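Read-outs throughout are calculated quantities, based only on the coordinates presented, and are distinct from any laboratory measurement. Remember, it's a predicted structure, so these values are computed and weren't measured experimentally. Cβ placement follows ideal geometry from the backbone for every residue including glycine, while neighbour counts extend to all protein chains displayed.
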């Protein structure tokens, strides 16, 4: 699946993923009205509105992009009907040939992570049948529980030829609270009244683990099925982590609405414009609410999304050009 | 809800939570057969088997215990039908008067955590209606993203009089890989060739943050709506963390099948046998598969679970007695 992702990035020339994170406030009123008239102001109505919204955006952008990243929280908030829309969105995007990254940030003790891995990437045995719960191509994973919480995902990836992106340095403002803590990484060389450490932040230590895990399952193009999440909002850390995890594709959130621009992204990539894929959610799916795209209006929301994708690809292209890549 | 939890612990004399983590291998054959005959060897059949299994165990144990903790991964693996059973289990347990801890270990950037908090603890606005997706009393939260990933959960807790348990030191074997790393916590006092740190592990730093967060929303009994998860498998760390987070209830997994016994638990509690609640999952729900309870057989699985709960309460009681509490 990492090879398919790379192939699609090369075909489209777009190291771009559209985040399908549909808050209801992003959905135009005419869509909500139609959905609520049919299903009521209920979880079912919300889920229908989200489905109509997603489908229109996917139909207008799928030929430009390699991948989408639905954020499952935005569906979970609408309960069972919301998760039906999540599955329907995933299946629809895969039918359209898109690589689907399920942004679930799951992670637990071993046996529980195994259940999550089955749920999102694999199969579950029921009697003598094998069934699939959800069926994405990649899932995001939280590393706080350590290797035995991550390994079950890698095991299922190897069975299914699918992949994961492990959180390393997240895009949010408080990500440094724990992730940037300097940790002991060398042998403790005692100094009077304390211990001497090398000054490496936790995210680097997690990045090193990702590099280790990535060796377990390599694709054909020099990149592993085990990737990492590093926020576009932290370009300097991105530059370091690109080197720490040379074989891991980096999923880069935080572009656009979260504040990062094309120039911040260069160091997440390798010399061949590979090694990273940049996510934009609100900046694409709610583009029509942005003054820049206001001419499209709510009726043209999906066309606004298409234009925002084109502009994002251009922005990244120009950033590459500015450094001669 | 923390006050209800404390009241129920005092009424039952049982600081015990039953983990409803129903892997299909725990479900007796006669239950699976009945469910598969009705719904097929499908996700629906699995979900039905799990529901019948859960209901029987809850019916035989609810009078002995204050709380249950369904692990959502075990339901998510059965997709939409599994999540229908999750919701049905949650609703049934709440009708029985049990406090329900949704073990979801969610956590993300702020706006996404807000969606998870709405999904599991709160309400979501659909047009002019307020709807509930899932409706547990407490949810477990992963802290890796820092304060802005946790705060949205606390905000919803304050609206709903509900609570969270934040992962601090998890029960699994590799939890130390990142959580035990010694981190810089004081001012860096430069020593030649390095930086001098105080030797505090990451879990303590996370524990201190939990202590800070807990101040935001206190119950009437000296404990906060913001609690912590600390594994029974790490009793020494439990003793430290009890002091670091004096106002946080500790949810303690890892008892029984994961290896910890009553004597390991004492230091998680305060002087009044409060401050902690101990989870057992497999040890209770799959008790009939344990040689100790084999006389019950698969037909008596729920009675075996009841006896296992009684034995667990006795084990903890004896541990308290041995230290004169």
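Observations on the model:
- Projected label points at residue A:290 and residue B:323, each 7 Å from Cα along the beta carbon direction, are separated by 5.7 nanometres.
- Packing-based exposure ordering (other Cβ within 10 Å, fewest first) of B:30, B:267: B:30, B:267
- Residue A:208-residue B:129 pseudo-label distance in nm [points 7 Å out on the Cα-to-Cβ vector]: 5.4 nm
- Residues A:141, A:278, sorted so that the one with the fewest Cβ neighbours within 10 Å comes first: A:278, A:141
- Test item: A:145-151 mean partner chain Cβ contacts at 10 Å: 6
- For the protein assembly as shown, the fraction of alpha-carbon pairs in successive 10 Å shells from zero, as %: 3, 16, 26, 26, 18, 8, 2, 0
- Gained length - residue A:95 relative to residue A:236, 0.36 nm times residue gap less alpha-carbon distance: 47.0 nm
- The mean number of partner chain beta-carbon atoms within 10 angstrom of a residue's beta-carbon across peptide B:121-130 is 5.
- Where N is the number of residues in region B:67-149, Cα Rg divided by 2.2 N^0.38 Å: 1.11
- Cβ-Cβ distance of residue A:38 and residue B:38, R₀ of 35 Å, FRET efficiency by 1/(1 + (r/R0)^6): the value works out to about 0.65.
- Averaged over the residues of peptide A:35-44, the number of Cβ atoms from other protein chains lying within 10 Å of each residue's Cβ is 3.
- Candidates A:91, A:264, A:29: whichever shows maximal mean-square fluctuation once chain A is modelled as a Gaussian network with Cα springs under 10 Å: A:29
- Whole-number D in µm²/s for chain B (Stokes-Einstein; Kirkwood sum over Cα pairs; 4 °C, 1.567 mPa s): 64 µm²/s
- Amide N proximity, region B:123-157 versus residue A:25 label position 7 Å along Cα-to-Cβ, cut-off under 14 Å: B:125-127
- Cα centroid separation - region A:1-39 against region A:73-123, whole Å: 15 Å
- Chain B, helix-only ellipticity at 222 nm - DSSP H runs n ≥ 4, -39,500 (n - 2.57), divided by all residues, nearest 500: -13500 deg cm²/dmol
- Per-pair calculated FRET efficiency, R0 = 22 Å: residue A:299 and residue A:55 via Cβ, rounded to 0.05: 0.90
- Efficiency of FRET from Cβ geometry, residue B:220 and residue B:158, R₀ 25 Å, rounded to 0.05: 0.95
- Contact order, relative form, for chain B: 17 percent (alpha carbon pairs under 8 Å, 6 or more residues apart, mean separation divided by residue count).
- Taking every DSSP bridge with both residues inside chain B, close to 25 percent are antiparallel.
- The protein assembly as shown: antiparallel DSSP beta bridges as a percent of all, rounded to 5: 30 percent
- Ranked by how many other beta carbons lie within 10 Å on average, peptides A:269-275, B:41-47 from highest: B:41-47, A:269-275
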